[in-house]
1. Compute the semi-axes of the equivalent ellipsoid of chain C, taking the square root of 5 times each eigenvalue of the Cα gyration tensor, and list them largest first in whole Å.
2. With θ taken as phi - 60° and the coefficients 6.51, -1.76 and 1.60, list the Karplus ³J(HN,Hα) couplings across the range B:362-369 in order, rounded to whole Hz; mark glycine and proline as x.
3. For the range B:246-318, what are Rg and Dmax over the alpha carbons, in angstrom?
4. Probe radius 1.4 Å, ligands and nucleic acids left out: which of B:152, A:58 has the largest accessible area, and how do the rest follow?
5. Projected onto the charge dipole of the range C:23-392 (+1 at Lys/Arg Cβ, -1 at Asp/Glu Cβ, origin at the Cα centre), which of C:290, C:276, C:187 gives the Cα projection farthest towards the positive end?
6. Only four residue types carry charge here, +1 at the Cβ of Lys and Arg and -1 at the Cβ of Asp and Glu. Report the dipole size of chain C about the Cα centre in Debye, rounded to the nearest 20.
7. About the Cα centre of the protein assembly as shown, what is the dipole size in debye to 20, counting +1 per Lys and Arg Cβ and -1 per Asp and Glu Cβ, all else neutral?
8. Identify, among C:46, A:252, A:87, the residue whose Cα sits farthest towards the positive end of the charge dipole of the protein assembly as shown, taking +1 on the Cβ of Lys and Arg and -1 on the Cβ of Asp and Glu, with the dipole about the Cα centre.
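The values are calculated or read from the model by the stated rules, or taken from the named source; none is laboratory data. Keep in mind that this is a model prediction, so the values were computed, not measured. Neighbour counts run over all protein chains shown; Cβ positions are idealised from the backbone, glycine included. Please note that ligands, DNA and RNA were not included when accessible areas were found on the heavy atoms of the full protein model with its side chains. Shrake-Rupley method; radii C 1.70, N 1.55, O 1.52, S 1.80 Å.
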Amino acid sequence: MTGTLVTAVTAPPTALAETSELLIDVGQNRNLGEWRISSDDWDPASRIKWSVSLKTLHGGRQEGVQVLEVDNGRMRFRVVPTRGFHVWDAHSDDIRLGWDSPVQEIAHPRYIDLNDRGGLGWLNGFGGWMTRAGIGFFGAPGNDNGTPLTLHGNIDNTPASLVEVSFRALPEPTIVVKGIVNETQMFGPALRLTSEISTPVGSASIRFEDQITNLKGIPQEYGNLYHTNFGAPLLGKGAKFIAPVRTMAPRNARAVEGMAGWSDFAGPGDADYTEQVYLAELFADADGISQVMLKSPDGTKAARMSFDLAGSPYFSLWKNEGPEGTGYVTGLEPGTGYPYNRSVERAGGRVPVLQSHASARSTLQVDLLTSAAEVAKAQAEIEALQIAEPRISNTPLVP
Amino acid sequence: MTGTLVTAVTAPPTALAETSELLIDVGQNRNLGEWRISSDDWDPASRIKWSVSLKTLHGGRQEGVQVLEVDNGRMRFRVVPTRGFHVWDAHSDDIRLGWDSPVQEIAHPRYIDLNDRGGLGWLNGFGGWMTRAGIGFFGAPGNDNGTPLTLHGNIDNTPASLVEVSFRALPEPTIVVKGIVNETQMFGPALRLTSEISTPVGSASIRFEDQITNLKGIPQEYGNLYHTNFGAPLLGKGAKFIAPVRTMAPRNARAVEGMAGWSDFAGPGDADYTEQVYLAELFADADGISQVMLKSPDGTKAARMSFDLAGSPYFSLWKNEGPEGTGYVTGLEPGTGYPYNRSVERAGGRVPVLQSHASARSTLQVDLLTSAAEVAKAQAEIEALQIAEPRISNTPLVP
Amino acid sequence: MTGTLVTAVTAPPTALAETSELLIDVGQNRNLGEWRISSDDWDPASRIKWSVSLKTLHGGRQEGVQVLEVDNGRMRFRVVPTRGFHVWDAHSDDIRLGWDSPVQEIAHPRYIDLNDRGGLGWLNGFGGWMTRAGIGFFGAPGNDNGTPLTLHGNIDNTPASLVEVSFRALPEPTIVVKGIVNETQMFGPALRLTSEISTPVGSASIRFEDQITNLKGIPQEYGNLYHTNFGAPLLGKGAKFIAPVRTMAPRNARAVEGMAGWSDFAGPGDADYTEQVYLAELFADADGISQVMLKSPDGTKAARMSFDLAGSPYFSLWKNEGPEGTGYVTGLEPGTGYPYNRSVERAGGRVPVLQSHASARSTLQVDLLTSAAEVAKAQAEIEALQIAEPRISNTPLVP
């Protein structure tokens, strides 16, 4: 479809409703390395120019990392096959989805030792926007029934075994990138993440449709946390977290200290600041979809996150309001549980089990709102989900 | 010798009895990357077509792994220079040497952290047929005299420093691949594995001739375990392990439970199954060669393993008869000792020492038997080695 | 300036006093891979032929390591961008700067697990001449305030984010290679090493000008140890360490045993030998520059090290006189502190702090002396710095 094809912009969709290319596939021993497709190739009638590029990064701890750059004509984001198919950052209009981590390079997993610093090594490569925690387990490091777990699990440092790029003309022109990441060990997890990340051409939206599959002949525990992280311009003094809260409890004594303004952001703090986490169950609409929002200080920008409670029944708000230049950030984190150690989560009934060869699905959509009117409208929609008073605990969920 | 050379098949062997190519050599800063040789190149008179290829794997945790594919005209097997020159799998006739691990990709060592899971990280990449444990140490993880050892040591996740492919016309046409793997640390092991893997053209046999060399100016302990793993079709309900047992003891209380049928296979078990290990010393022939066999359920197929007791005086049978799809497997493991922690092995007198710059040799040959008659004949040969009653202990070797 | 330019050797320096090329730069996603420049290209009038080459190593644990080979016409040395921009070895005249480690390959960081052997994994890749310990911390492994530190820190196993090669005509023709290495973690160090390594054309000198920068918005501790290691021909029975010692104390009871001849070398010892470390503060000249020397057994060769005490106020002499073939070596190690665990160093007031976005500078120059006369003259200069009796402690600095 390249080059000479001329189509009226009102032409009916062609029969060719989906075009795709396999970029990486362990089964075919395939890795295209450098690759690029654009609207000129796959969607020449489009007035909006879009493209998808596979690139290899160089220098420092980035050496050899493969990145998939998606530009839908309005929003640009970078998916990282080498790092569990996570999304490092996104830009649209004047909004950046991401934050200023001390970790500026997209580090290759070969430079990340998850067992470093007593199991906190995940933080040595932590700097992305939508980093995933899981999928065998996630949460705090430490002993679970004889096994020393590392912070947030393996998936964020496991390279994708399959990467496919597709374009769907219907129902609206949409770019889809699909990744498969296998987390497998003998006498350990044997799980598969299949993640479809889609974005309508010309939109300020990104959508995750994920599936976790048990590859084993026996039931297995699993876990998934969308560790979605925001700095400026959405975060700052006066920013607000808005959510239809059903229950909320602080994670620990440190979080108790901040209960009064738990959903408000105070701006960068001093060097003594330590993180605070708030643990919530949310209300949803009739379809089981809940929504939360991070609203910018001036109320003219926001990121709205929509997700199904069936897939992500628990929500964690991570506030890390230390000084600028130390990783000032907040995390909005829907997931299968809270980020305690799995042993605590299991005791709390928040570790789901997949039957043999069964799959669990979850979705997450992020929409950028770029005017005060859009933000106010979305906020009203979220507030409408608040059908009862929130039940707020002033003591930690787990003593 | 490529292409146009025509030789009568009955021609006497040429003077050129051996041809070879150096594929990888750290001393010459050489790595050919992609390379292939075939009988057309080196043995054009051969009626049996054979080939050897060096390839690079792509996708997932395989990215960048180099594999040497050997096809002797009847048997195909894959040697992995990037993974300690182990053999990932082999196929001949309708027999597969290998098993269905949850780990399906040949993971690059950069994705394997041996210290993961409290020292069990070796299992994160465990899925091959003849994986080697050693060579500084092997066996259970844990403290040995102040050093926390990891399961089965470093060699299986160390890349080869030299890889050479040779063809020998005499005494029979044989393909030989040689690898050198250095396991060296300051204030730690400094040992070299030199492994020659050979296979006669058109045969269903593979032979390992190995040498471990002390690179240091002082005596050093070492260890070598041929961790040779089998699934279907040789393993299954009704399969049998046949060996000329001199002594045998269970590894622990769990193995004691299975003493009655310790050499029989019951087929895939339930989710509660945990592994059983039986520890044996064997009888040998006049040349010091012992033999064992894994016989398929219907008795028409078998793998016979022959090895010198001087190099491998101890034998471990690892039974892991859990459910299908969880790594149903048995390991037939000749070695310098048993897979207890080295501290236990040293106390038991099973940790050999190499004098300065000395070498130890060991051999292992695996022959596939593909008819009931062949199997019965080989079984009789093994049984003939049983020159006295086995001494069977009903209590664990180490309390 | 390549090729046809002809200049009289006495021509005045051109306006083009510095030429440079960026080889690796994470900001520009640049890595030239293979690259070479020579005096014919950048300095065609030079009677001394020099060159700088960027190469990739192959085989074993070297696979993929990038090395910068500098040949100034007299001295050759190898800088390793993949390994924290350290210097693996140097050769000039008949002197080798380096030693015979059991680790002969320049191992890629992906094969080094710093947490191996209870935090001693740094030793698994230890074999270079000027290896750097730091820069978040260095010294003995073990718990520091809840964080388990690994031996000698991360910088030696972190790849450079920027590598630049320059040639300066003035004040004397000099080759300069510059590296930037970032050591950054969330909730951990965020420090940058900028190291300029320079060598005048035709000289037997190499100079390090280093800067460590705090990338954070808050004060941070840091540490730097020039772990500079020598074997034959400078080290051997009868070699001497010469320094203007102000104070000296043994590290531990083992070092106390060797107090009598602490600055003399006895030659390779027996298998029971264990290392000895002596901790010193030195005198300096009016500019704050101190000097030490390792003098060869016959007194005809030496390496002189000059460094500013402001950057490196503490000096450690590491003696490891075990048997040949086990890593017979001595380390001359100026640094910000001594190689105890950071918790000990902090208690001793030897852990410096950098204010937000501040930098600390340090310099180290190594000159090779190649005649008895040169050696004697340099020794006299060092002895002239000894303006008072050394204060020698016979008990360990830290009980």
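1. One finds semi-axes of 33, 26, 21 Å for chain C.
2. For the range B:362-369, the Karplus-derived couplings read 8, 9, 8, 10, 10, 10, 8, 10 Hz, x marking Gly and Pro.
3. For the range B:246-318, the Cα radius of gyration and maximum Cα-Cα distance read 14.0, 44 Å.
4. Output order, biggest surface exposure first: A:58, B:152.
5. Farthest towards the positive end: C:187.
6. 360 debye
7. 500 debye
8. A:252
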